[in-house]
1. Condition (residue is modelled with pLDDT of 95 or more and basic (K, R)) applied to the range 56-74: is it met by at least one residue?
2. Of everything in the range 26-55, what is of a type in the set (D, E, K, R), farther than 16 Å from D67 by Cβ and modelled with pLDDT of 95 or more? Give them in sequence order.
Amino acid sequence: MVASVWQPGCQLEGMLRITTTIGDRILLKLEGRLVGPWVDELRNTVWRTNGEALDIDVEDLTFADDDGERALAWLHRMGARFQGKGPYSEYLLERLKIPLHARQTALNNSDGKLER
């Protein structure tokens, strides 16, 4: 099951898209800017998962303000696994000392296949 919430914001706040995919774990794909009111939207989305195991895909995250960074650190402390190697997300996760999930770090072939 896939659900998407597209939240357009004002020019200063930008936009954040949260796409939820439900499987063995719940995957939250974050696209855009994690700032201002969208941080609260992310927290509300997480609360609606009822404590299920979470994977957070930040490959298409383009910016996070201080509140956004605190929300990502909170998700990490809750046990969420992070994936996605975008230009900004790699910098952000390294700065926040949030490791990529082990499976993601093995995806280093140019064809995208899992290396064994």
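1. There is at least one residue in the range 56-74 that is modelled with pLDDT of 95 or more and basic (K, R).
2. K29, E31, D55
The values are calculated or read from the model by the stated rules, or taken from the named source; none is laboratory data. Here the structure is a predicted model, which means the values were calculated and not measured. All Cβ positions, glycine included, derive from the backbone under ideal geometry; neighbour counts span all protein chains shown.
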